Ligand SMILES: *Cc1c(COP(=O)(O)O)cnc(C)c1O
């Protein structure tokens, strides 16, 4: 199924749609049936049977009370998430929603909106401009260096010049894969706090980071305008459960209580997330295997003459291909779906299981050595 195909923009013309949404397209990573789907950075390892069992039992239990609204404050879940994160955090610092996308939307609903702006640094997560659009927050595109890196000086200078209400940093960055140094977050925060702007660090891929890469969670004490968002969609292999969360000062979570829908986290969602957290060792076992495949992709692409970027995540962004679109199609013809993120000469691939990674590497080697689509 391709979600784009069910969207017909002409049918919207007659509707009294908000002006800001006219002519816009929804988020639409292709959902195509292929042997090797390596395009949306999911964790391709299935949930281990013991965890499936625990989730089944927990949701069965939750089903017995579905006549009642769930715990609106998801107290136990916030407690367990705080324990998982460590860094001296407790449940008042934690907030959760149906995916970190909903977390980001709530942040923009509470702190963005008409007449306000959010600064981010493309190429970055494609949902940011869409979330800004939906909340009528002006999206300001900052710039990165030619190699897609962002220095503390440049980032701070751009905050000073554009004076946004929020700064959205993605670390490790999607689609480039590289984490920001904490020096960048600190430099951005310093300028942002002078103008009372929030700094959000989206750490969706934090668990996959390279040795020595630090989390912005360590910067939370004494920084009341800093928010770190996380998700169970990637390392925890729970994209289908929809559970994202954040850590921040308690007053930030209070602000989000003003915009969240009542009982937004269903009883089954809470039960699923709690069961997963109770079995986090088994779930996170695959993170190490995925990092190994990620590093293998980087090594093999380098050997093929391609240029993979440093990856702190479960995917690899690589150049330089003469015609990235043609390579994307040739890979698809061989049953491997990767992501064309619209950046010339580059593609992004998710590190899957060992077998999936082998299939991708074999197909790409085949294309690079047997066709005209050579690396630049
Ligand atoms: C995948 C991803 C998310 C996760 O979104 P969920 O709504 O939690 O599934 C968030 N941010 C980035 C940058 C991502 O790539």
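The values are calculated or read from the model by the stated rules, or taken from the named source; none is laboratory data. These numbers were taken from a predicted model, which means no experiment stands behind them. No Cβ is skipped: glycine too gets one built from the backbone with ideal geometry, and neighbour counts run over all protein chains shown.
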Task: Count of segment 62-84 residues which are within 16 Å of the ligand (Cβ to nearest atom) and surrounded by fewer than 19 Cβ atoms within 10 Å (Cβ to Cβ) - done: 1
Task: Residue, modelled with the lowest pLDDT, within segment 1-35, restricted to residues that are away from the ligand (no atom under 16 Å from the Cβ) and under 22 Å from residue 241 (Cα atoms) - done: 1
Open item on the list: If residue 46 meets every condition in (1) more than 15 Å from the ligand (Cβ to nearest atom); (2) at pLDDT 95 or above apart from one, which number is that one?
Closed with: (2)
TODO: Sort out which residues of segment 305-332 are under 20 Å from residue 353 (Cβ atoms) and part of a helix (DSSP H, G or I), and write them in order of number.
DONE: 331, 332
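Here is a yes/no grid of residues against (1) at pLDDT below 95; (2) more than 19 Å from the chain's Cα centre (by Cα):
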residue: 274; (1), (2): no, yes
residue: 279; (1), (2): no, yes
residue: 283; (1), (2): yes, no
residue: 286; (1), (2): yes, no
residue: 295; (1), (2): no, yes
residue: 300; (1), (2): no, yes
residue: 304; (1), (2): yes, yes
residue: 312; (1), (2): no, no
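Can you go through 108, 130 and tell me which one is within 16 Å of the ligand (Cβ to nearest atom), within 17 Å of the chain's Cα centre (by Cα) and surrounded by fewer than 19 Cβ atoms within 10 Å (Cβ to Cβ)?
So the residue among 108, 130 that is within 16 Å of the ligand (Cβ to nearest atom), within 17 Å of the chain's Cα centre (by Cα) and surrounded by fewer than 19 Cβ atoms within 10 Å (Cβ to Cβ) is 130.
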Task: Unmet requirement for residue 296, which otherwise passes all of (1) farther than 30 Å from residue 89 by Cβ; (2) in contact with a strand residue (DSSP E or B) (Cβ under 9 Å, 6 or more places away or on another chain) - done: (2)
Task: Conditions (1) free of Cβ contacts under 8 Å to residues at least 40 places away in the same chain; (2) assigned to a loop (DSSP other than H, G, I, E, B); (3) within 15 Å of the ligand (Cβ to nearest atom); number of the one not met by residue 176 - done: (1)
Task: Answer from 192, 216, 209 - the residue that is farther than 30 Å from residue 48 by Cα and either free of Cβ contacts under 8 Å to residues at least 60 places away in the same chain or away from the ligand (no atom under 12 Å from the Cβ) (or both) - done: 192
TODO: Count, please, the residues in segment 302-311 that happen to be surrounded by fewer than 19 Cβ atoms within 10 Å (Cβ to Cβ) and without any contact (Cβ under 8 Å) to a residue 12 or more places away in the chain.
DONE: 2
